[in-house]
1. Kindly evaluate residue 368 against the criterion of being touching a helix residue (DSSP H, G or I) at 6+ places or on another chain (Cβ under 6 Å), crowded, with 18+ Cβ neighbours inside 10 Å, in a strand (DSSP E or B) and touching a residue at least 60 places away in the same chain (Cβ under 8 Å).
2. Sort out which residues of region 11-33 are within 16 Å of the ligand (Cβ to nearest atom) and under 16 Å from residue 124 (Cα atoms), and write them in order of number.
3. Might you let me know whether region 238-247 holds any residue that is more than 16 Å from the ligand (Cβ to nearest atom), over 26 Å from residue 2 (Cβ atoms), within 16 Å of the chain's Cα centre (by Cα) and part of a helix (DSSP H, G or I)?
4. Of the residues 199, 163, which is farther than 20 Å from residue 12 by Cα, in contact with a strand residue (DSSP E or B) (Cβ under 7 Å, 6 or more places away or on another chain) and more than 16 Å from the ligand (Cβ to nearest atom)?
5. Give region 1-10 a look and list any residue that's within 14 Å of the ligand (Cβ to nearest atom) and surrounded by fewer than 18 Cβ atoms within 10 Å (Cβ to Cβ), or say none.
6. Sort out which residues of region 170-187 are more than 14 Å from the ligand (Cβ to nearest atom) and surrounded by 13 or more Cβ atoms within 10 Å (Cβ to Cβ), and write them in order of number.
7. Condition check: within 20 Å of residue 135 (Cβ to Cβ), free of Cβ contacts under 8 Å to residues at least 12 places away in the same chain and more than 20 Å from the chain's Cα centre (by Cα). Does residue 161 satisfy that?
Ligand code: ASP
């Protein structure tokens, strides 16, 4: 029988009521036999995610402070979910173990991963399913890279049966058994790796929205839903700043051509968004916009010197000085007597003025100046950067709104473009791009 891998995010497992919905969804389709879960998330705006409480427990313990009052919140949370689901207090010994390990100086991965670990135990019990530890399945080659062959092998060996299994997301282990976390939101990656190894029919990502929207609804009123998007477009949207799905989770399933479906635990009848290679979908007309996104928090480093363009490898040298100071070069525009690097403001703040001086010396520059703050805003769609009217209409709309543009990037891909605007006009720029690409 084919397999659907179903990953449930923090809001889908935040309390007993949500976990009951998860159980109904899993039972509704016998192909849903591999369930990956996040740690319980927020139940309300003011609430805390279990992962955040664990991070603070670890930080307090590492600083020699009392973490127990914080840990008590974790105990209460799991105990109340277990009680509401009619389960006993079997998690007590595991909670004791976690508390003892924090007191004993366990590293952050070992501590912070326990939110998923405890949650998966609890959900497995409620479903009458088998708990399988992610440490047995997801194998890291080092702290950032996955050992793909070992992971594929372990997943196929361990999950070869037909029963339902529940697996904690967000972590795996090194060959010596040491637990290793992914970056935040990393349960998406866990499920993607498992789906790839199993050659799953589909990877469902259950969350609290009925699929992706073509813009941030806090900025654009009632943005169009996205019914279908390609893997590539999704990555471009994430790069622009759309906070949808962990961008590192796309590659494993995309390589295996497994569709990702973003669905809503609170509205399981809704088809949500399908993410595919696009090969089987109806071709969309050139210029069709999929989504608009952006981010604030950028600054410019403007370097001036006559004949600056004569320096070979200018972007490389600029990028390496910035990189050495912990600043990532996001974009670079070059002219005859000047160059503009677009970087993150926070990284530039952290590096201090020393890095500007270093650039000045390196290029014998006439001046090196910080500019901005900027927001980067862009759009993604079918041949969006190729159809001349699209960018033309956006620029005309900006001109009408007297919205200055500080940088434009287009031509790096057929499907998207980026512009930099004043940070305080971010929202206006988003909806101007949205309206102009409608
Ligand atoms: N619980 C983790 C986080 O809050 C991982 C995840 O949810 O995917 O980032």
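1. Numbers: touching a helix residue (DSSP H, G or I) at 6+ places or on another chain (Cβ under 6 Å): yes; crowded, with 18+ Cβ neighbours inside 10 Å: yes; in a strand (DSSP E or B): yes; touching a residue at least 60 places away in the same chain (Cβ under 8 Å): yes.
Yes; evaluated as a whole, the condition is true for this residue.
2. The initial filter retains those residues of region 11-33 that are within 16 Å of the ligand (Cβ to nearest atom), namely 11-15, 18-19, 22.
Matches in region 11-33: 12, 13, 14, 15, 18, 19, 22.
3. Keep residues of region 238-247 that are more than 16 Å from the ligand (Cβ to nearest atom), which gives 239-242.
Pick out the ones that are also over 26 Å from residue 2 (Cβ atoms) and you get 239-242.
So of that shortlist, the ones also within 16 Å of the chain's Cα centre (by Cα) come out as 239-242.
So of that shortlist, the ones also part of a helix (DSSP H, G or I) come out as 239-240.
There is at least one residue in region 238-247 that is more than 16 Å from the ligand (Cβ to nearest atom), over 26 Å from residue 2 (Cβ atoms), within 16 Å of the chain's Cα centre (by Cα) and part of a helix (DSSP H, G or I).
4. Details: 199 fails: in contact with a strand residue (DSSP E or B) (Cβ under 7 Å, 6 or more places away or on another chain).
None of the others qualify; the one that does is 163.
5. Answer for region 1-10, where residues must be within 14 Å of the ligand (Cβ to nearest atom) and surrounded by fewer than 18 Cβ atoms within 10 Å (Cβ to Cβ): there is none.
6. Narrowing region 170-187 to residues more than 14 Å from the ligand (Cβ to nearest atom): 173-178.
Once the filter is applied, which keeps residues that are more than 14 Å from the ligand (Cβ to nearest atom) and surrounded by 13 or more Cβ atoms within 10 Å (Cβ to Cβ), region 170-187 yields 173, 174, 178.
7. On the way: within 20 Å of residue 135 (Cβ to Cβ): yes; free of Cβ contacts under 8 Å to residues at least 12 places away in the same chain: yes; more than 20 Å from the chain's Cα centre (by Cα): yes.
Criteria met by residue 161.
Each row is one residue, and each column tells you yes or no for (1) within 14 Å of the ligand (Cβ to nearest atom); (2) touching a helix residue (DSSP H, G or I) at 6+ places or on another chain (Cβ under 9 Å).
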{"residue": "37", "(1), (2)": "yes, yes"}
{"residue": "46", "(1), (2)": "no, no"}
{"residue": "82", "(1), (2)": "no, yes"}
{"residue": "113", "(1), (2)": "yes, yes"}
{"residue": "116", "(1), (2)": "yes, yes"}
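Computed from the coordinates by the stated procedures, all read-outs in this text should not be read as laboratory data. Since the structure is predicted, the reported quantities are computational estimates derived from the model, not experimental observations. Note: ideal-geometry Cβ built from the backbone for every residue, glycine included; neighbour counts use all protein chains shown.
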